[in-house]
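Worksheet for the structure shown next.
The values are calculated or read from the model by the stated rules, or taken from the named source; none is laboratory data. Everything numeric here is computed off the predicted structure, so don't read it as measured data. Because the Cβ atoms are built from the backbone with ideal geometry, glycine has one as well, and the counts that use them run over all protein chains shown. Quick note on the areas: whole protein, heavy atoms, side chains included, nothing else; ligands and nucleic acids left out. Shrake-Rupley method; radii C 1.70, N 1.55, O 1.52, S 1.80 Å.
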Amino acid sequence: MTLLEAISARHSVRSYTQQPIEGPVLEALNAVIDQCRKESGLHLELIRDQPQAFQNFLAHYGQFSNVRNYIILAGRKSADLEEKCGYYGEKIVLYAQTLGLNTCWVALTYGKSSASFALAKGEKLCLVIAIGYGTHLGVAHRCKSREAVMKTTQTPVPEWFLNGVDAALLAPTAMNQQKFTFFLKDNVVSAKAGLGFYSKIDLGIVKYHFELGAGKEHVQWG
């Protein structure tokens, strides 16, 4: 499975089997986490076989079941921390899908006091990603139209831009709000987050999807 295929195949999964993440799959997953950590400077860490963080009331309310592994997304406080966590978190999520793993972005429905990791002084935890072998493959979410999330006066609109927008529309966003807009002017792309919870994280996620769909060689961010 390619990363482009993973965009269409990947859906949020909240229920997992007992199958551990191990062997070549674990090695490949840790390798991409290490790569993202070096590129971003974020605190990215895979926590395995630690179900305690998902055994509280909120996790039950969020319909999580048998979550034993999760990835933490944290870093030093900065204006772009949330966007970076979204971008690199989704990079890990889609790669995990190519390995046969399932994932779910998690904000409030895990117990921080029971989590098995330590943050350095000055670091902020943005959110975590539940990961493992799902009991199902998840279901696709509803998508807005292209026209609802893009603005350009450029004609004709380049095919690569439309492909990028289509890929962004398949990205996970908080409550499936899809509160983002992509702009195109003189072949320069910009993206803006709308108002709402976790919209900056969502912006990082959709920008990674856009780059994959459009082809990074086409994308000049402005």
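Search region 203-217 for residues that are within 18 Å of Gln97 (Cβ to Cβ) and pair each with any residue that is of a type in the set (S, T, N, Q) and in a helix (DSSP H, G or I) when their beta-carbon atoms are under 8 Å apart and the residues are at least 6 apart or on different chains.
Gly213/Asn163
Here are the criteria: (1) touching a Phe, Trp or Tyr at 6+ places or on another chain (Cβ under 7 Å); (2) farther than 15 Å from Gly89 by Cα; (3) assigned to a helix (DSSP H, G or I). Tell me which single one Val189 does not satisfy.
(3)
Return yes when Leu170 is in contact with a Cys (Cβ under 8 Å, 6 or more places away or on another chain) and in contact (Cβ under 8 Å) with a residue 60 or more places away in the chain and no when it is not.
yes
Residues in region 202-222 that are open to solvent by 20 Å² or more (accessible area, probe 1.4 Å) and either hydroxyl-bearing (Ser, Thr, Tyr) or in contact with a Cys (Cβ under 6 Å, 6 or more places away or on another chain) (or both): how many?
Qualifying residue count, region 202-222: 0.
Quick one: in region 179-201, of everything that is open to solvent by 90 Å² or more (accessible area, probe 1.4 Å) and among the basic types (Lys, Arg), which residue is farthest from the chain's Cα centre (by Cα)?
Once the filter is applied, the top-ranked residue is Lys185.
If you go through region 30-48 one residue at a time, do you hit one that is touching a residue at least 24 places away in the same chain (Cβ under 8 Å), within 21 Å of Lys124 (Cα to Cα), among the hydroxyl-bearing types (Ser, Thr, Tyr) and in contact with a helix residue (DSSP H, G or I) (Cβ under 9 Å, 6 or more places away or on another chain)?
yes
Looking only at residues in region 139-173 that are open to solvent by less than 20 Å² (accessible area, probe 1.4 Å) and not in a loop (DSSP other than H, G, I, E, B), which one is farthest from Trp105 (Cα to Cα)?
The qualifying residue farthest from Trp105 (Cα to Cα) is Phe161.
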